[in-house]
Amino acid sequence: MKYGLFLGCNVPAVRPDVERAIRLTMPVLGADLVDLEGSACCPAFGSFPSADETASLAISAWNFCIAEEAEVDLVTECGSCYSSLRIARSKLLESEEKREQVNRLLEPTGKQFRGTVKVRHMLDVLFNDIGPEKIRESIKYPLENISAIVQYPCHTLFPSEIVGFDSLSGRPRMFQKLVEALGASVQTYSRELQCCGGAGGFVKGSFADASEFAFKKLRAIKKETDAEFIVASCITCLQHLDRMQDELNKKNNDNAYSLPVFDYNQILAVCMDFNPGEVASISTISRDEFIRNIRKK
Amino acid sequence: MIDLTKTNTGLWREITDNCGDIRKCFNCNTCVAGCPAAEGDPPLFIRNLVRKVLLGLEDELLEDETPWLCVTCSACEEMCPMGVHPFEVCLDIRRWQSKNDETYIPAATAEIFETGHTQAVGQVQEKRKAVGLEAVPPTIIKFPELLKIFQEMLRNTDIVRENDYMFRS
Ligand code: SF4
Ligand code: SF4
């Protein structure tokens, strides 16, 4: 199995430890990652898609062309990249007019969009191509007697027609099964499928309300579960749930919220015995003690 | 009071491109009920935006910054019973606003033009090396000659042509 690793902007710049974890864990599971040399921003919804549709599609097509030349499907961890690229691809495939406009823009670059490669999310590849069984066999430190909650990336659920890969986007279970494959138990709670609220302009445009939106989720986790950590598979969920616990602690003037937040490939990498200093070293809420406990077993 | 005889009744044709037929919207509120940004202040109510578009309230719509609160979760897109595609309505309105008032054009477009990215991907070399990665990732930031071609491509788009002072290489 070979995939083109689409990095986007946030993973390589803000949380490179996630990139490291992906690059180390996927080959162990038989998924070889090829670099998409010269790839750019997806582009993010708040950039070109909010200003000029054709320019936006041209940038997505630029990225697709690089994967087409390498003859690999793109795989990405970032929910926004995934959704932006999926939606762009479906627009380009649906409309001959848009395809022609974009190819006219691409022509001087020597590229041409053909639509021969797909866009996959990391969870999709992990579950549907690799499978929980293989993951279970690959780990050295199982997460026995540890309970988790999972944060489903909204961009992989809706609109299900375009981005979906779980059997039921309204009641997804794949992510839970992937975390269970690491030995942990996964608890559900009332606001499980509520998005993290960290993407787009909500946080910037209405900080207090956006924070309150995340606090509701965090309070529900605390009240309804005894989860010891959170697993995400989207750079925004990862950063936001980490940062918002800190904000909530500041507001309450205590330290009540201290759940370590991991990207799936990060916790997988720790369970596989890769160096935590490389695969899970950047966070606001400390993950060190949690990691030490896993490795003690 | 708004004089409805003086509004732009053709506005919806001008704005809608990727969304569904917004005339089918019956104000059911589904797009608001599940929307994180509907909890903002002021709140994002897609159904109200749809009304503004349909009634042709150009001035009100141009001043309305709520479309920019959207977190892009697409819950509304999934749930709207009338196939209006509320999230696409949101993006269609943003594009119309950007076209009619350049101050709406997101700074991130210029960043992408300049570096190919929305983050300082090329300026976190120590941070990347510390986790065992190449100092500069193999994206467009590593290949200046490709970035030049990328910029040439974007120079032929409407947004860059019409606002060239914003886009510097
Ligand atoms: S969910 Fe659809 S039909 Fe209902 S108010 Fe929103 S846009 Fe209109
Ligand atoms: S996509 Fe935007 S408008 Fe739709 S529910 Fe999510 S935040 Fe609200």
*asked:* Rounded to the nearest 20 debye, what is the charge dipole size of chain A about its Cα centre when +1 sits on each Lys and Arg Cβ and -1 on each Asp and Glu Cβ?
replied: 620
*asked:* Compute the angle between helix A:207-224 and the longest alpha-carbon principal axis of chain A, please, reported from 0 to 90 degrees and rounded to the nearest 10.
replied: 50
_Tell me which trypsin sites (Lys or Arg not before Pro) from segment A:92-141 have a DSSP coil assignment and no more than 16 other beta carbons within 10 Å of their own._
A:R114, A:K118, A:K140
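Run through segment B:95-153 and list the GluC sites (Glu not before Pro) located in a DSSP loop whose Cβ has at most 16 other Cβ atoms within 10 Å.
Values: sites: B:E102, B:E111, B:E114, B:E126, B:E134, B:E145, B:E152; in loops: B:E134.
Hits after loop and neighbour filter: B:E134.
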*What average count of beta carbons from other chains do you get within 10 Å of the Cβ of residues in A:196-209?*
6
*Name the longest site-free stretch of chain A, where the excluded sites are GluC sites (Glu not before Pro) in a DSSP loop with no more than 13 other beta-carbon atoms within 10 Å.*
A:145-297
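Please list, by residue number, every one of the trypsin sites (Lys or Arg not before Pro) in segment B:121-169 that is coil in DSSP and has at most 12 other beta-carbon atoms within 10 Å.
On the way: sites: B:K127, B:R128, B:K129, B:K142, B:K148, B:R155, B:R161, B:R168; in loops: B:R168.
The qualifying sites are B:R168.
Tell me whether segment A:131-296 comes out rounded, prolate or oblate; compute the Cα gyration tensor, take square roots of the eigenvalues as a ≥ b ≥ c, and use a/c under 1.5 as the rounded threshold. If you can, show how the numbers build up before the last one.
Numbers: a/c = 1.74, a/b = 1.17, b/c = 1.49.
Verdict is oblate for segment A:131-296.
If you count, for every residue in B:76-83, the Cβ atoms of partner chains within 10 Å of its Cβ, what is the mean? Numbers along the way, then the final one.
Working: counts 2, 7, 10, 3, 1, 0, 0, 0.
That works out to 3 on average.
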*Listing B:L154, A:L126 from the residue with the fewest other Cβ atoms within 10 Å to the one with the most, what is the order?*
B:L154, A:L126
*Determine the gain in length on full extension of the stretch B:L62-B:Q123; use 0.36 nm per residue of separation and subtract their C-alpha separation, reporting nm with one decimal.*
18.3 nm
*Tilt of helix A:235-252 relative to the longest C-alpha principal axis of chain A, in degrees (0 to 90, nearest 10)?*
40
_Under 28 Å between alpha carbons, and skipping anything fewer than 8 positions from A:K98 in its own chain: which lysines qualify?_
A:K111, A:K118, B:K24, B:K52, B:K99, B:K148
*Report, ordered by chain and residue number, the lysines lying within cross-link reach of A:K296, taken as a straight Cα distance under 30 Å and ignoring same-chain residues fewer than 8 apart.*
A:K134, A:K140, A:K177, A:K222, A:K223, B:K127, B:K129
*Could you please tell me the mean projected area of the C-alpha convex hull for segment A:215-297, averaged over all directions and given in square nanometres to one decimal?*
5.5
_Cα-based Rg and Dmax for the protein assembly as shown, where Dmax is the largest Cα-Cα distance (Å)_ = 21.9, 75
*asked:* Give me the inter-chain shielding for B:100-110: mean count of other chain Cβ atoms within 10 Å, whole number please.
replied: 4
_Helix A:16-28 against the longest principal axis of chain A: what's the angle in degrees, Cα atoms only, rounded to the nearest 10?_
80
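Quick note: the coordinates plus some simple rules give every number you see, no bench work behind them. Keep in mind that what you see is a predicted model, and the values were worked out from it rather than measured. FYI the Cβ positions are ideal-geometry reconstructions off the backbone, even for glycines, and counts take in every protein chain you see.
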